[in-house]
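Chemist: If you scroll down you'll find the structure; I have some questions about it.
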Amino acid sequence: MTKKETKEKRFKDIIQAAVDEFLEKGYEDASMEAIAQRAGLSKGGLYHHFQNKNEIFMNANRKLNEPVSKMMEKTTKMPSPAAGLIWFIKNYLRHWREHDREVVFYSLAMTKMLESSSLWKMYKKFYQDYWIFLESLFERGIESGEFIPHPVKENALMLMSALDGILIHLVINDELDLDEVVFLFEERFIAAYRNKK
């Protein structure tokens with residue numbers, strides 16, 4: 001194992017340990033010492049990587065957003081905006097259903113966000129990028145003739161809100177069929193705006 005791989009693995013182990021600690025004890029009751037123990041480090045070793053609990057919390061949030069950022073990047077490169085949107089919706093919902101603990105972690109982060117200006121700025125940037133990403137797909141679809149003209153900004157906001165709103169239901173309700181949910185999203189946000197010519 002190379003030094004870089006060791007450092008990346010150590011970082012991943014710390015983040016996972018922190019997520020587990022925050023989920024089990026909440027932000028206030030989580031401690032640097034407990035996170036270090038979970039990660040198999042001394043407290044001093046943990047401080048070598050992170051200055052404080054808030055920095056770990058911020059990095060955990062960033063790390064958990066990486067898969068979604070990669071999905072957005074892949075979707076943007078797809079030649080068909082409509083097919084890209086369908087792919088993104090399906091993979092976004094599948095990812096979070098398979099990572100239900102992280103959905104709970106985000107609920108914790110939302111409450112902490114109100115107290116932390118740095119966390120607030122990070123989430124605000126992510127959500128602005130997310131909104132722009134969806135808006136640009138609808139705009140590309142109109143330009144290519146795949147979609148009829150429609151209010152893309154509003155539709156992107158509604159899609160983003162609906163996707164994030166359904167996550168908790170997918171986590172709580174095992175009976176919800178992912179393919180059926182994706183179909184409903186496709187009907188409401190894609191098929192409704194397809195150019196029928």
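Chemist: With everything on Cα atoms, drop me the angle between helix 53-76 and the longest principal axis of the chain, reported from 0 to 90° to the nearest 10.
Modeler: The answer is roughly 30 degrees.
Chemist: Right, next: Hey, for a label at HIS99 modelled as a point 7 Å past Cα toward Cβ, could you say which residues of region 153-174 have their backbone N under 17 Å away?
Modeler: Within reach of a label on HIS99, which here means backbone N under 17 Å from a point 7 Å along Cα→Cβ, region 153-174 contributes 163-172.
Chemist: Could you work out [θ]222 nm for the chain from helices alone, using -39500 (n - 2.57) per DSSP H run of at least four and dividing by all its residues? Round to the nearest 500 deg cm²/dmol.
Modeler: Roughly -27000 deg cm²/dmol at 222 nm, from the helical runs in the chain.
Chemist: Using θ = phi - 60° and the Karplus relation 6.51 cos²θ - 1.76 cosθ + 1.60, list the HN-Hα couplings for region 85-92 in order, rounded to whole Hz, with x at every Gly or Pro.
Modeler: 4, 4, 4, 4, 4, 4, 6, 4
Chemist: In addition: Hey, what angle do you get for helix 152-172 against the long axis of the chain, alpha-carbon based, 0 to 90 degrees rounded to 10?
Modeler: The helix 152-172 is inclined about 50 degrees to the chain.
Chemist: Normalised by the number of residues in region 1-51, what is the relative contact order in percent for Cα pairs under 8 Å and 6+ residues apart?
Modeler: 33
Chemist: Tell me which residues come under 5 Å, amide H to amide H, from PHE147 once H is placed; ignore anything under 5 positions away on its chain.
Modeler: Amide H neighbours of PHE147, under 5 Å, 5+ apart: ILE142, ASN195.
Chemist: Averaging over every viewing direction, what projected area does the convex hull of the Cα atoms of region 99-185 cover, in nm²? Each step should come with its number before you reach the end.
Modeler: Working: hull surface 27.3 nm².
It is 6.8 nm².
Chemist: Over region 20-111, what lengths in whole Å, largest first, do the semi-axes of the equivalent ellipsoid take, defined as the square roots of 5 times the eigenvalues of the alpha-carbon gyration tensor?
Modeler: Numbers: eigenvalues 220, 40, 19 Å².
Listed largest to smallest, the semi-axes of region 20-111 are 33, 14, 10 Å.
Chemist: In degrees from 0 to 90, rounded to the nearest 10, what is the angle of the helix 3-29 Cα long axis to the longest principal axis of the chain?
Modeler: In the chain, helix 3-29 runs at an angle near 90 degrees to the longest axis.
Chemist: OK, next. If contacts are Cα pairs under 8 angstrom and at least 6 residues apart, what is the relative contact order of the chain in percent? Show your work: numbers first, answer last.
Modeler: Details: 147 pairs, mean separation 39.8, N = 197.
RCO, the chain: 20 percent.
Chemist: Something else about it: Which FRET efficiency, nearest 0.05, do SER80 and ASP129 yield, Cβ-Cβ r, R0 30 Å?
Modeler: Using R0 = 30 Å, I get an efficiency of 0.90.
Chemist: Would you mind giving the average projected area, over all directions, of the Cα convex hull of the chain in nm² with one decimal?
Modeler: 13.0
Chemist: How fast does region 80-144 diffuse by Stokes-Einstein, in µm²/s, taking the Kirkwood radius from C-alpha pairs at 10 °C and 1.306 mPa s?
Modeler: Value of D from the Cα-based Kirkwood radius: 116 µm²/s.
Chemist: Could you rank the peptides 15-26, 39-50 by their average count of other C-beta atoms within 10 Å per residue, with the highest value first? Walk me through the numbers on the way to the answer.
Modeler: Working: 15-26: 18.5, 39-50: 15.2.
Packing order, densest peptide first, comes out as 15-26, 39-50.
Chemist: Right, something else. Over all pairs of distinct alpha carbons, what does the Kirkwood formula give as the hydrodynamic radius of region 1-51, in Å?
Modeler: 11.0
Chemist: Separate question: Name the aspartates and glutamates eligible as straight-distance cross-link partners of LYS125: C-alpha to C-alpha under 20 Å, and not fewer than 8 places from it in the same chain.
Modeler: Within the straight-line cut-off, LYS125 pairs with GLU55, GLU66, GLU73, GLU102, GLU115, GLU135, GLU154, ASP164.
Chemist: Starting from region 91-197, pick out the GluC sites (Glu not before Pro) whose DSSP state is loop and whose Cβ has at most 10 other Cβ atoms within 10 Å.
Modeler: GLU115, GLU175
We did not get these values from a lab; they are worked out from the coordinates using the rules stated. The model shown is predicted, which means the values in this text are computed figures rather than measured ones. We place every Cβ from the backbone using ideal geometry, glycine too, and count neighbours over all the protein chains shown.
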